[in-house]
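Participant: Quick one: the structure is below, and I'll ask about it shortly.
Values quoted throughout were computed directly from the atomic coordinates according to the rules given, and no laboratory measurement underlies them. Predicted model only: the values in this text are computed from it and were never measured. FYI the Cβ positions are ideal-geometry reconstructions off the backbone, even for glycines, and counts take in every protein chain you see.
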Amino acid sequence: MAANRQKDAHEKIMLGGLVVKAGLRGENPAFILGVLLTAFEQKDNEKLRIAMIEKGRKAFEK
């Protein structure tokens, strides 16, 4: 069980880091959740998905 909690905590920290990397640290949490929910709704749009993955890859390189 401790390993599961540790893995869960690590995942949450990593995801929080993505929010910071995107420049959203000071944003309203409801806005951030809205953005993520919109992304979830669009996840099957293959053209948009490819564009967002490329945008993310470029951001990781900075």
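The rows are residues; the columns are (1) of a type in the set (A, V, I, L, M); (2) in contact (Cβ under 8 Å) with a residue 24 or more places away in the chain; (3) surrounded by 10 or more Cβ atoms within 10 Å (Cβ to Cβ).
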site	(1), (2), (3)
ALA22	yes, yes, yes
ARG25	no, no, yes
PRO29	no, no, no
VAL35	yes, no, yes
GLU46	no, no, no
ILE50	yes, no, yes
GLU54	no, no, yes
ARG57	no, no, no
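Participant: Going through region 1-40 one residue at a time, which ones are of a type in the set (Phe, Trp, Tyr) and touching a Phe, Trp or Tyr at 6+ places or on another chain (Cβ under 9 Å)?
Facilitator: Residues satisfying the conditions do not exist here.
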